[in-house]
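Read through the structure below, which is laid out as structure tokens, and then see the notes.
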Amino acid sequence: MNILALEFSSPQRSVAVVHAGADTGPRCLGEASEAGTRSTNALGLVEDALRQAQLDREQIECLAIGLGPGSYNGMRLAIALAQGWQLARPVKLLGISSVECLAAQAQAEGIFGRVEIVIDAQRNELYLAGYELSSEARRETEPLRLASLAEAQAREQAGAAIIGPEVTKWFPAGRVLVPRAATLGKLAMDRSDFVAGERMEPIYLRETRFVKAPPPRIIPG
């Protein structure tokens with residue numbers, strides 16, 4: 001199966017093409033990324049990854065999307081691209097937590113033991129999730145939640161390794177790690193929980209609140 005993976009939840013946006021045959025493990029055939037820009041050339045990244053993989057759009061069978069948490073605009077862009085693709089062609093869609101992607105990436109890079117994944121949640125809060133990693137296994141020990149800086153600092157003081165896309169803003173000894181589309185695509189190979197495009201939503205732990213606008217003011221003539 002040919003999977004196109006989009007990971008736009010962090011300051012480094014990436015797209016990858018991953019393939020696995022009947023008798024081969026998942027292989028990344030092409031990956032394109034950009035960082036430090038306010039807008040993302042999503043289609044340009046897709047074309048670059050497809051060019052490296054020597055595949056056409058019609059050969060993509062599944063799109064895997066990093067659902068965050070992280071950059072809300074980035075995740076919405078990736079989801080919109082996937083929704084449009086599914087409208088145009090009969091492809092499968094998968095939504096995968098970017099935190100799970102980070103844990104798998106840390107494991108692949110040899111970061112073992114107690115690991116806390118920290119992502120900026122704005123409003124003086126952090127997204128926090130705990131994992132126990134070894135060369136053979138990856139186990140979630142603390143589900144993703146909103147936490148204070150003090151709570152994350154307590155995890156570091158207890159001996160956990162702190163990783164995340166912008167982690168050194170709060171933890172100078174932390175390990176900067178961004179979720180990569182290539183890792184996301186390899187995770188997708190073991191998944192079958194496909195979703196329709198209209199049901200795909202970013203991971204956003206805060207309750208959405210709407211404030212009713214006041215009535216229009218009548219200015220005396």
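The values are calculated or read from the model by the stated rules, or taken from the named source; none is laboratory data. All of these numbers come straight from a predicted model, not from anything done at the bench. Note: ideal-geometry Cβ built from the backbone for every residue, glycine included; neighbour counts use all protein chains shown.
Side notes on the structure shown:
- Considering residues of segment 1-27 that are of a type in the set (A, V, I, L, M, F, W, C) and modelled with pLDDT under 95 only, the residue nearest to residue 186 (Cα to Cα): 20
- Residue 14 buried (at least 20 other Cβ atoms within 10 Å of the Cβ) and out of contact with any Cys (no Cβ under 8 Å at 6 or more places or on another chain): yes
- For residue 131, the stated conditions do not hold, so it cannot be described as closer than 14 Å to residue 100 by Cβ, among the aromatic types (Phe, Trp, Tyr), surrounded by 16 or more Cβ atoms within 10 Å (Cβ to Cβ) and touching a Leu at 6+ places or on another chain (Cβ under 8 Å).
- Restricting 150, 137, 129, 121 to residues that are over 24 Å from residue 65 (Cα atoms) and outside the structural domain of residue 73 (by TED's automatic domain parsing) narrows the list to 150.
To keep it simple, each residue is scored yes or no on (1) among the hydrophobic types (A, V, I, L, M, F, W, C); (2) in contact (Cβ under 8 Å) with a residue 24 or more places away in the chain; (3) in a helix (DSSP H, G or I).
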{"site": "168", "(1), (2), (3)": "no, no, yes"}
{"site": "178", "(1), (2), (3)": "yes, yes, no"}
{"site": "183", "(1), (2), (3)": "no, yes, yes"}
{"site": "187", "(1), (2), (3)": "yes, yes, yes"}
{"site": "191", "(1), (2), (3)": "no, yes, no"}
{"site": "194", "(1), (2), (3)": "yes, yes, no"}
{"site": "198", "(1), (2), (3)": "no, yes, yes"}
{"site": "204", "(1), (2), (3)": "no, yes, no"}
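- Just one of the listed residues (53, 22, 49, 108) is within 17 Å of the chain's Cα centre (by Cα) and not β-branched (Val, Ile, Thr), namely 108.
- Of all residues in segment 69-104 being over 12 Å from the mean Cα position of the chain (by Cα) and of a type in the set (Lys, Arg), the one that is surrounded by the most Cβ atoms within 10 Å (Cβ to Cβ): 92
- The set of residues from segment 103-118 being outside any strand (DSSP E or B) and touching a helix residue (DSSP H, G or I) at 6+ places or on another chain (Cβ under 8 Å) comprises 104, 105, 108.
- Close contacts from segment 101-127, counting a first residue that is farther than 19 Å from residue 189 by Cα and a second that is of a type in the set (D, E, K, R) and in a helix (DSSP H, G or I), with Cβ to Cβ under 6 Å and a gap of 6+ residues or different chains, come to 116/155.
- Of all residues making up segment 99-143, the number that are within 21 Å of residue 6 (Cα to Cα) and of a type in the set (S, T, N, Q): 2
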